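First up is the structure itself, then whatever we jot down about it.
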Amino acid sequence: TAISPSSSGFFYVHGKGLSNVGGIAVTINYDSTYFTVDTTQGNNGVTALGTFSQGLLIVDSSTAGTLKVDAAFMSAKNISDEDMFKVHVTTKTKLGETNLTMTGEVRKPDTTIIPTVFTGGVLKVGEENKLLGDFNDDCIVNLPDFVVFAQHYNSVNGDSKYAVLYDIHPAEMGTGAWAGIYCKATPDGQIKLGDFVVFANNYNKTCPPPSTPVCVYPPNGATNIPSNPILSWTAQDAKKYDVYFGTASNPPKVASDQSGTTYTPGALTPATKYYWKIVAKNAGGQASGSIWNFTTISYPDGISVTGARFPVNSDKELLIHGKNINNIGGSSITLTYDTSYFTIDTTKGNNGVTLLNTYAEGLSIIDASTPGTLKIDTAFMSAKNLANEDIYKVHIKTKNKTGNTQINITGQVLDPSTNPIAVVFTGNTITVE
């Protein structure tokens, strides 16, 4: 779903393949810097649709960033494949894509749980223009589009010929690069003369070139960026992107024609300046962004937690780093963390931990049995030196709570004779967004 900034809009919550439903509770978490729920519309911002319009509804939108919708029925209902709710929103001026995460439960009339998968989505705040009549999405309205349009002409909603894709009237023309092109439609349930007028106006027209890409993360010129960043950007009207990335001030191309607006370069070298650029493309042309740069974190001496930014409800990896420690016989570290933000994924690695680089040569005992605490002991058959490298990869599963959370680390390092080595242990903050 895409909505213009500083405007009213909505998104749908859809249900599919649910039988014998007595009630449903859903919680949607969202970033309130992009939009708020418009409580002046519907029931506290929510309109029940289809089967759910027959139910009783309780909506709680009192907490910014969280929307709770509970629905109950007087008799069992089946949800085959339909929109359940329309959520009315008011967007702010911040542009970009923001994740909508959803959790909940579904119960039968006897209140027993129905196992159900809840899947979030993405809402885009920004002008979303579309070349109306370009049914095959190749950025030009031409004969192939004309042929399929004719097959749906003179139909109304409910006919076998009708499909909302071809319902392009009433329509609005755009401004700027979209001037003279119909690019926004409000389907009216019929494909008639008005739709043909829109189609004929756009015939043989192409999409304008995309806008110049805008850097989202890391911010241009930023320092102390974690060594495992996810690069992100935005560009209006783009279909594909080329990504340029590297340590040279004129970075090489590392990805071509990708559709997404993120790129993960992998583990980066600490205290190093990286450059990157995005070229946005569609059939109407291309637009190159500026060359941006950021510098990765300079790790402190000792053993430290690497800061990071992770999306909600995702499988990610937290890195533990070692620097300037010599003659190591073994080490013991304890991480403490807030389980409301993430948990250790003990199905991966050794109880949720993978040993890296020099530490991959050691023997390890890992205890992840206590929520909020992770203990890692490693011993070596011969002395080891750490110059500047990652030593552990901790596999985590983020939850739907967003914000900054502190990870603390304590421990000890011993030489092969079991004498203590003076080492500084440094925790860090991660951001779940």
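Brief remarks follow.
- The one condition from (1) buried (at least 16 other Cβ atoms within 10 Å of the Cβ); (2) farther than 26 Å from LYS184 by Cα that GLY9 does not meet is (2).
- Exactly one residue out of ALA287, ALA267 is within 30 Å of CYS139 (Cα to Cα), in contact with a strand residue (DSSP E or B) (Cβ under 8 Å, 6 or more places away or on another chain) and in contact (Cβ under 8 Å) with a residue 40 or more places away in the chain: that is ALA287.
- Filter result (of a type outside the set (D, E, K, R), within 34 Å of the chain's Cα centre (by Cα) and surrounded by 16 or more Cβ atoms within 10 Å (Cβ to Cβ)) within segment 369-383: LEU374, ILE376
- The strands (runs of 3 or more DSSP E) located wholly in segment 43-94 that include 1 or more residues which are closer than 30 Å to VAL216 by Cα and open to solvent by less than 50 Å² (accessible area, probe 1.4 Å) occupy 66-91.
- Taken as a whole, segment 409-426 holds at least one residue that is under 15 Å from LYS323 (Cα atoms), without any contact (Cβ under 8 Å) to a residue 24 or more places away in the chain and part of a loop (DSSP other than H, G, I, E, B).
- Qualifying residues in segment 397-413 (those that are at pLDDT 95 or above and open to solvent by less than 50 Å² (accessible area, probe 1.4 Å)) - the one nearest to the chain's Cα centre (by Cα): ILE407
- Residue among ASP134, ASP145 that is open to solvent by less than 20 Å² (accessible area, probe 1.4 Å) and assigned to a loop (DSSP other than H, G, I, E, B): ASP134
- Strands (runs of 3 or more DSSP E) lying entirely in segment 223-332 (those with 2 or more residues that are touching a Phe, Trp or Tyr at 6+ places or on another chain (Cβ under 8 Å)): 231-234, 240-246, 253-258, 273-282, 292-296, 302-305, 308-310
- When segment 183-222 is filtered for residues that are over 30 Å from LYS273 (Cβ atoms), of a type in the set (S, T, N, Q), loosely packed, with under 15 Cβ neighbours inside 10 Å and in contact (Cβ under 8 Å) with a residue 24 or more places away in the chain, only ASN204 remains.
- The condition of being within 19 Å of LYS16 (Cα to Cα) and β-branched (Val, Ile, Thr) holds for only one of THR39, THR47, THR66, that being THR47.
- Count of segment 150-177 residues, restricted to those that are part of a loop (DSSP other than H, G, I, E, B) and among the hydroxyl-bearing types (Ser, Thr, Tyr), is 4.
- Filtered residue count, segment 343-368, keeping only those that are in contact with an Asp or Glu (Cβ under 6 Å, 6 or more places away or on another chain), open to solvent by less than 70 Å² (accessible area, probe 1.4 Å) and either without any contact (Cβ under 8 Å) to a residue 40 or more places away in the chain or of a type in the set (Lys, Arg) (or both): 1
The values are calculated or read from the model by the stated rules, or taken from the named source; none is laboratory data. Keep in mind it's a predicted model, so treat the numbers as computed, not measured. Methodologically, a virtual Cβ is constructed for each residue, glycine included, from the backbone with ideal geometry; neighbour enumeration extends over all protein chains shown. Side chains included, ligands, DNA and RNA excluded: accessible areas come from the protein's heavy atoms. Shrake-Rupley method; radii C 1.70, N 1.55, O 1.52, S 1.80 Å.
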